[in-house]
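**Q** I'd like to ask some things about the structure below.
The values are calculated or read from the model by the stated rules, or taken from the named source; none is laboratory data. Note that this is a predicted model, so its numbers are computed, not measured. FYI the Cβ positions are ideal-geometry reconstructions off the backbone, even for glycines, and counts take in every protein chain you see. Note: areas computed on protein heavy atoms with side chains; ligands, DNA, RNA excluded. Shrake-Rupley method; radii C 1.70, N 1.55, O 1.52, S 1.80 Å.
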Amino acid sequence: MADDKKLNRRDFIQNSMRTTLGIAVVGLGGLSMLRSKGENWVWQIDPFKCTWCGRCATSCVMTPSAVKCVNAYDLCGYCDLCTGYFKNGVKDLNTGAENLVCPTSAIVRKFIEEPYFQFDIVEKLCIGCGKCVKGCTQFGNGSFILQIRHDRCKNCNECAIARMCPSDAIKRVPANTPYMIKSDFIRK
Amino acid sequence: MNKRPIIIFLLLMAAIIVFVIYKDLISKRPENRSVNPYEYDVVKYKSVDSAMVRYKEAQVISLNTRAPRGLAYANRKLYIASDSLLQVITVDGKEVNRAKLPASPSCITVTDQSIFIGFNDFIAAFDLNGKMTGRWKPLGKKTLITSLAVKDNLLFAADAGSRKVHRYSTDGKYLGVFDGKSAKDSKHGFIIPSPYFDVAFNHDGELWIANTGKRALEQYYDNGTFRTFWSNDEVGIEGFWGCCNPAHFTFLPDGSFVTSEKNNVRIKVYKPSGALDCVVAPSEKFPNEELAPALATTPEGDIYALDFQKKEIRLFQHK
Ligand code: SF4
Ligand code: SF4
Ligand code: SF4
């Protein structure tokens, strides 16, 4: 009986150790999974909420900002008179800097065929000011949008722009779908 | 005396004060925001001299529908194509008929005998009770029918997908197509950067088409030959601006054009010459809208606007 008890106690201690070890391993695994899940979220701008306030250019911890203009080509009209490219009221579509919306000449206008033009963003020059996005959205098809570019974003714990955004347009999105391109989803 | 509670209280108060000041500093209240160095002022293009607004909003009819798509006025009734439904309502908003449609519609026109409805890539004819009398052959994958116009036994269908206008007889016989080229060697015809492409007859039976990418209204002979046009590339109230305007248009009984614009949404009347006559509804009437309302007019000169976002028909009458 005493032997049995002894054995039982030993068994009990061994079982307890095994269980504790098991819990520790599973717990550690779970924790690391949780952590890696936590890292699987990135910041992004909801283009339907953004009101082009200019803060994306000035509030990001990066200089120049990690926010860039992106052209959702599916929505773009390839317009001769692109209101994201030309200032309102220009008399002729002359590409002199005084006629252009972009303060850094980051938009390239490429002739496709009469009378269609493609508009590409030179990300190196874009500071994410949103002027072109406002012009395009207020008078055109709204294909220009601001997006946080993840090749340069630091994925800060708290996005410095999100703190200042007056439209609550910046939110966490899953890292496997890191962009919110207008033509891929519709306004909620 | 024990000073500890007082010290704890004072420390707590100090912490609260620091927290409140910090919160205030980082708050997004407008007065806390710095001036936007990249401000792009477009508000000035939306303001209108109130003397130019010669219409008042006289009635609003709420539509019990999920997605209104097209509006027509005929026989003293309003015809609405929406969801997969045709609705007929009286001018005081009472629904008098409702019929199921074979697909989701994209536009509608009504004569005193028939209803014609565009369904993205095909057209169907109905009698005035909503019974389908003919379903015409689909036009192909690229087709997006955005507007229909009927004169006598001819029907014209604007196709924003292929940037062409198709010509039919009203019994569904396909008669041909034209692309808006003013001459054989013209480099382009209709320029349609977004799915807005309207076609309408005025009361003299002249066919007009909105070449939205050129911000122009163009007149064509019935055989599709270009005749004349007017346009006014102007960001102010006098003209049309942006990628594709006027998004919708129709006519008043005197031949004046009623136009509606997208994004900077506004409704205006232009004289038959193309000179601005007056404003029906300035942008402030559409503070949150960006879709151009579809239009319909009555023989009395009233203007109905289908507000897609509010799902309302809004009546504008001369002041
Ligand atoms: S701060 Fe917000 S509203 Fe302003 S430009 Fe950036 S995303 Fe848009
Ligand atoms: S206007 Fe501003 S957001 Fe647009 S391309 Fe230029 S720098 Fe970038
Ligand atoms: S997360 Fe940081 S680096 Fe990325 S956009 Fe926001 S502030 Fe800039």
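**Q** Tell me the strands (runs of 3 or more DSSP E) entirely within region B:194-263 that contain at least 2 residues that are more than 24 Å from B:LEU306 (Cα to Cα) and touching a strand residue (DSSP E or B) at 6+ places or on another chain (Cβ under 6 Å).
**A** In region B:194-263, B:216-220, B:226-231 are the strands (runs of 3 or more DSSP E) which contain 2 or more residues that are more than 24 Å from B:LEU306 (Cα to Cα) and touching a strand residue (DSSP E or B) at 6+ places or on another chain (Cβ under 6 Å).
**Q** List pairs: first residue in region A:58-69 and within 12 Å of chain B (Cβ to nearest Cβ) and polar (S, T, N, Q), second residue open to solvent by 50 Å² or more (accessible area, probe 1.4 Å) and more than 11 Å from ligand 1 (Cβ to nearest atom) anywhere in the structure, Cβ distance under 9 angstrom, at least six positions apart or on different chains.
**A** That search, which allows pairs on different chains as well, returns A:THR58/B:SER34; A:THR58/B:PRO37; A:SER65/A:ARG152.
**Q** Oh, and also: Given the conditions (1) open to solvent by less than 40 Å² (accessible area, probe 1.4 Å); (2) within 12 Å of ligand 2 (Cβ to nearest atom); (3) at pLDDT 95 or above; (4) within 21 Å of the chain's Cα centre (by Cα), report the number of the one that A:VAL122 does not fulfil.
**A** (1)
**Q** Taking the conditions exactly as written (assigned by TED's automatic domain parsing to the domain that holds A:LYS49, open to solvent by less than 30 Å² (accessible area, probe 1.4 Å) and within 11 Å of ligand 3 (Cβ to nearest atom)), does A:ILE145 satisfy them or not?
**A** Considered against the rule, which asks whether it is assigned by TED's automatic domain parsing to the domain that holds A:LYS49, open to solvent by less than 30 Å² (accessible area, probe 1.4 Å) and within 11 Å of ligand 3 (Cβ to nearest atom), A:ILE145 comes out as no.
**Q** Only one of B:TYR45, B:TYR40 is buried (at least 18 other Cβ atoms within 10 Å of the Cβ), hydroxyl-bearing (Ser, Thr, Tyr), within 14 Å of chain A (Cβ to nearest Cβ) and more than 29 Å from B:LYS319 (Cα to Cα); which?
**A** B:TYR40
**Q** Of all residues being among the hydrophobic types (A, V, I, L, M, F, W, C) and open to solvent by 10 Å² or more (accessible area, probe 1.4 Å) in region B:295-314, which is nearest to B:ARG54 (Cα to Cα)? Just the residue, please.
**A** My answer is B:LEU295.
**Q** Also, I was wondering about something else. Please determine whether any residue of region A:90-100 is in contact with a Lys or Arg (Cβ under 9 Å, 6 or more places away or on another chain), free of Cβ contacts under 8 Å to residues at least 60 places away in the same chain, open to solvent by 40 Å² or more (accessible area, probe 1.4 Å) and within 8 Å of chain B (Cβ to nearest Cβ).
**A** no
This table checks each residue for (1) more than 16 Å from the chain's Cα centre (by Cα); (2) assigned by TED's automatic domain parsing to the domain that holds A:VAL173; (3) under 21 Å from B:TRP241 (Cβ atoms).
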position: A:PRO47; (1), (2), (3): no, yes, no
position: A:ALA57; (1), (2), (3): no, yes, no
position: A:ASN71; (1), (2), (3): no, yes, yes
position: A:GLY77; (1), (2), (3): yes, yes, yes
position: A:PHE86; (1), (2), (3): yes, yes, yes
position: A:LEU93; (1), (2), (3): yes, yes, yes
position: A:PRO103; (1), (2), (3): yes, yes, no
position: A:ALA106; (1), (2), (3): yes, yes, no
position: A:GLU114; (1), (2), (3): yes, yes, no
